[in-house]
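Colleague: Take a look at this one; I'll ask things after.
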């Protein structure tokens, strides 16, 4: 059996796992992984990075990140592993970043701001009818001291002759 210190950080294996997990998550139907980069971070840890391209990469990243978090939480972890999280530190992009088996992995897409949402204007003034609404003729005002409506005769009849 291997221990965490015996496992070498392998970016090719991390890339293979990312491709497998991407297709398993179902997010691959909305966007594709492109622009692969294998490098090292500032502290010397290996890094695998892929860019999302497609019509709605933000939706695909959300689906993939949620699935990847639950998947990695259930697998055995090694010291230093980090569950996926969204990273906004690089201006102009959003990334889902995690560390597994000593390799940092990120999937990202450009963070293009959408059109500004229109600000709501002042509320419209409520219109009040100029004359009171008439009460429809078929309704009867019910008061606590009023008579109860008459019940149909067949509900109160009982056949006492059979007893």
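Every number here is computed from the coordinates shown, using simple stated rules; none is lab data. Just so we're clear, the structure is a prediction, and the values are computed from it rather than from any experiment. So basically every Cβ, Gly included, is an ideal-geometry build from the backbone, and we count neighbours across all protein chains shown.
Colleague: Before anything else, pin down the relative contact order of segment 4-110: Cα pairs under 8 Å, at least 6 apart, normalised by residue count, whole percent. List each step's numbers first, then the result.
Modeller: Details: 181 pairs, mean separation 31.1, N = 107.
Relative CO of segment 4-110 lands at 29 percent.
Colleague: Same structure, new question: Rounded to the nearest 5, what is the percent of antiparallel bridges among the DSSP beta bridges in segment 4-110?
Modeller: Values: 19 of 24 bridges.
Roughly 80 percent of the beta bridges in segment 4-110 run antiparallel, per DSSP.
Colleague: Something else now. Points 7 angstrom from Cα along the Cβ direction at residue 78 and residue 38: gap in nanometres?
Modeller: Those two pseudo-labels are separated by 1.6 nm.
Colleague: I've got another one for you. Can you compute the FRET efficiency between residue 45 and residue 90 using 1/(1 + (r/R0)^6), with r the Cβ-Cβ distance and R0 = 22 Å? Round to the nearest 0.05. Let's see the in-between values first.
Modeller: Details: r = 17 Å, r/R0 = 0.76.
My answer for the efficiency is 0.85.
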